Amino acid sequence: MEEFTSQVIAMRAQRRAGSLSLSLSESEFLEEINRGMPGESRCRLEELVARRQDEALSSEEHQELLQLTKQLESLEAERARHLVDLASLRGVSLSELLEQLGISASA
């Protein structure tokens, strides 16, 4: 089932590629895929998550946690879009691309 889903995603990406201007080169896609949350923000997010788990989070910290979580989710969504576009550019399924790049599907 997972392979089927990956193939459907790859096919949709290939269809979109006809109307999508792939201005990014493969190396630029890889750079964007590997871009993560800045270290300081990532550390702060981890601190806030730990405080939440300890039930010691203030309302201001809770708002900050929500903001950082939204930022991380946005980065991850962008990463997923770049992975789909790169798979389309290479003419492979998403699962094949993940395997080529050594990325776990659960990552």
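Label positions at residue 67 and residue 47, each projected 7 Å from the Cα along the C-beta direction, are separated by 1.4 nm. Legend: ranking of residues 41, 59 from fewest to most surrounding C-beta atoms inside 10 Å; resulting order 59, 41. Counting every other Cβ atom within 10 Å of each residue's Cβ, 49, 84 order from fewest to most as 49, 84.
Using 0.36 nm per residue of separation minus the Cα-Cα distance, give me the extension gain between residue 37 and residue 56 in nm, one decimal. Write down the numbers at each step before the final one.
On the way: separation 19, 0.36 × 19 = 6.84 nm, distance 2.42 nm.
Value of the extension gain: 4.4 nm.
Quick note: the coordinates plus some simple rules give every number you see, no bench work behind them. Worth saying up front: this structure is predicted, and the values here are computed from it rather than measured. FYI the Cβ positions are ideal-geometry reconstructions off the backbone, even for glycines, and counts take in every protein chain you see.
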